[in-house]
Amino acid sequence: QVQLVESGGGFVQAGGSLRLSCAGTGINFRFSAVGWYRQAPGKQRELVAGMTRAGMSNYADSVKGRFTISRDNAKNTVYLQMNSLKPEDTAVYYCHVDPLGSVAYWGQGTQVTVSS
């Protein structure tokens, strides 16, 4: 049974930082593309950052230079370091893991709230 558990969300003032983590069980991150999405109230879920199995990363324009995605395959964990947070970054953040040759999985989401 695959389980993705996110942590690290919370409340922070504008300009602050948070680090999200997503730990997986029942799935091998080494053979998976990983990513972070977010969904703000009344808006569609959007890709924030992604990383291929080969380690190439991509970012939404709105977070480039502020957010960094990383992974530790030995720990089956993906991270999202978020710096210089803005109120518009407020959303529920979801971990997404896409294993080679299998269905993709979502985490349960973690709330990030940035005050002005």
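The values are calculated or read from the model by the stated rules, or taken from the named source; none is laboratory data. Fair warning: this is a prediction, and the values are worked out from it, not measured in the lab. Note that each Cβ is placed from the backbone with ideal geometry, even for glycine, and that neighbours are counted across all protein chains shown. These accessible areas exclude ligands, DNA and RNA; they are computed on the full protein's heavy atoms, side chains included. Shrake-Rupley method; radii C 1.70, N 1.55, O 1.52, S 1.80 Å.
Data table
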{"quantity": "Condition met for Arg71 (buried (at least 19 other Cβ atoms within 10 Å of the Cβ) and more than 20 Å from Gly15 (Cα to Cα))", "calculated": "yes"}
{"quantity": "Inter-residue pairs, beta-carbon under 6 Å, first surrounded by fewer than 17 Cβ atoms within 10 Å (Cβ to Cβ) and in the stretch 92-111, second charged (D, E, K, R), 6+ apart", "calculated": "Ala104/Asp98"}
{"quantity": "Selection count, the stretch 1-18, where residues are open to solvent by 80 Å² or more (accessible area, probe 1.4 Å) and either over 13 Å from Asp89 (Cα atoms) or of a type in the set (D, E, K, R) (or both)", "calculated": "2"}
{"quantity": "Failed criterion for Val78 (all others in (1) more than 15 Å from Glu6 (Cβ to Cβ); (2) at pLDDT 95 or above; (3) touching a Lys or Arg at 6+ places or on another chain (Cβ under 6 Å) hold)", "calculated": "(1)"}
{"quantity": "Single residue of the stretch 50-75 satisfying the filter (in a loop (DSSP other than H, G, I, E, B) and among the charged types (D, E, K, R)) that is modelled with the lowest pLDDT", "calculated": "Arg53"}
{"quantity": "Residues that are under 25 Å from Gly42 (Cβ atoms) and charged (D, E, K, R), drawn from the stretch 66-116", "calculated": "Arg66, Lys86, Glu88, Asp89"}
{"quantity": "Hits in the stretch 41-56 - residues which are within 14 Å of the chain's Cα centre (by Cα) and over 20 Å from Gly101 (Cα atoms)", "calculated": "Arg45, Glu46, Leu47, Val48, Ala49"}
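Each row is one residue, and each column tells you yes or no for (1) surrounded by fewer than 17 Cβ atoms within 10 Å (Cβ to Cβ); (2) under 15 Å from Ala104 (Cβ atoms); (3) among the small types (Gly, Ala, Ser).
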residue: Leu20; (1), (2), (3): no, no, no
residue: Trp36; (1), (2), (3): no, yes, no
residue: Pro41; (1), (2), (3): yes, no, no
residue: Val48; (1), (2), (3): no, no, no
residue: Arg66; (1), (2), (3): yes, no, no
residue: Ser84; (1), (2), (3): yes, no, yes
